[in-house]
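Asker: Take this structure, written in structure tokens, and hold onto it; I'll ask about it next.
The values are calculated or read from the model by the stated rules, or taken from the named source; none is laboratory data. Everything numeric in this text was worked out from a predicted model, so none of it was measured. No Cβ is skipped: glycine too gets one built from the backbone with ideal geometry, and neighbour counts run over all protein chains shown.
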Amino acid sequence: MKKIILCMFTLFSLTILPFPALATSPILVAPDGTYLGNLNKNPYDPNSVSNPYGVYGSPYSPNSINNPYGVYGSPYSVQSPNNPYGQGPTIISPGMGSAGFGSYGK
């Protein structure tokens, strides 16, 4: 009898109670398909656009949206979020698919 009650409780908790939210950050992808980093405020995340020493947050990295002279950070590049007339990157939320925001950073 205890096993049946335990099984019913487990089944109830898995079907009725909400699942925990994903703890991963959304990511940025350029119009040409280049990965541009995680969209979060963590300066210690090596893939964060907020890490000033990381590949995707450094103002000197060619794949950073923070590099004003790079393809993905220039205010004149079509693929940059800093260009108000450009396509800008797409924000992809894990588990949700593409959000389709081409205007990130405007």
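Asker: When SER61 is evaluated against the numbered criteria (1) part of a loop (DSSP other than H, G, I, E, B); (2) in contact with a Pro (Cβ under 9 Å, 6 or more places away or on another chain); (3) at pLDDT 75 or above, which criterion, by number, is the only one it fails?
Answerer: With respect to (1) part of a loop (DSSP other than H, G, I, E, B); (2) in contact with a Pro (Cβ under 9 Å, 6 or more places away or on another chain); (3) at pLDDT 75 or above, SER61 is out only on (2).
Asker: Can you pull out every residue in the range 26-55 that is assigned to a loop (DSSP other than H, G, I, E, B), under 13 Å from PRO89 (Cα atoms) and either touching a His at 6+ places or on another chain (Cβ under 9 Å) or of a type in the set (Ser, Thr, Tyr) (or both)?
Answerer: Scanning the range 26-55 gives a single hit, THR34.
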